[in-house]
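The values are calculated or read from the model by the stated rules, or taken from the named source; none is laboratory data. Everything numeric here is computed off the predicted structure, so don't read it as measured data. Cβ coordinates were reconstructed from backbone atoms using ideal geometry, including for glycine residues, and neighbour counts include every protein chain displayed.
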Amino acid sequence: MYELIIDTKVEGADPSQPIHKADAGFTLITTIKSDGTAVDISTASSKVYRFEKPDGTTADVDADFNTDGSDGKLKYVSLIGTYDQNGDWYIQGVITLATKVQYTEKKEFTVFRNLAAP
């Protein structure tokens, strides 16, 4: 199983930048590693982030290479509705290399609630 390192939640921003429910436009960048070394995923035919939401449901989104994939980096820019629940979320990378589907470890992150509108 590959390691999954969350590099940043907002491209060019502090990695500790929080995500809030209904946020859109966040660029999530991760690095896939094996034994501490980035995995060359440039030949991957499929790249997916699988999210597990606080209520236990899952959602898959297509990930893109952050560069060319040789550095193991993937990214996803969130859309309206991606982060539709506040609480503890999990992310897992699912990539297809040649004919083998590879899974990364799961990583936890928090989506914070917003204040109610007056």
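Odds and ends about this structure:
- Filter pass, N86 being at pLDDT 90 or above and farther than 15 Å from D60 by Cα: yes
Residue by residue, here is whether (1) closer than 22 Å to Y83 by Cβ; (2) modelled with pLDDT under 80; (3) among the basic types (K, R); (4) in a strand (DSSP E or B) holds:
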{"position": "E3", "(1), (2), (3), (4)": "no, no, no, yes"}
{"position": "D7", "(1), (2), (3), (4)": "yes, yes, no, yes"}
{"position": "E11", "(1), (2), (3), (4)": "yes, yes, no, no"}
{"position": "D14", "(1), (2), (3), (4)": "yes, yes, no, no"}
{"position": "Q17", "(1), (2), (3), (4)": "yes, yes, no, no"}
{"position": "A24", "(1), (2), (3), (4)": "yes, no, no, no"}
{"position": "L28", "(1), (2), (3), (4)": "yes, no, no, yes"}
{"position": "K33", "(1), (2), (3), (4)": "no, no, yes, yes"}
{"position": "S42", "(1), (2), (3), (4)": "no, no, no, no"}
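- Enumeration of residues in segment 53-85 that are part of a loop (DSSP other than H, G, I, E, B), of a type in the set (A, V, I, L, M) and touching a Lys or Arg at 6+ places or on another chain (Cβ under 7 Å): A63
- Selection status of I95, under 13 Å from Y2 (Cβ atoms), assigned to a loop (DSSP other than H, G, I, E, B) and at pLDDT 95 or above: no
- Just so you know, in segment 52-70 the residues that are more than 14 Å from I95 (Cβ to Cβ) and of a type in the set (D, E, K, R) include one that is surrounded by the fewest Cβ atoms within 10 Å (Cβ to Cβ), and it is D55.
- The test for being surrounded by 13 or more Cβ atoms within 10 Å (Cβ to Cβ), over 18 Å from R113 (Cβ atoms) and aliphatic (A, V, I, L, M) holds for I32.
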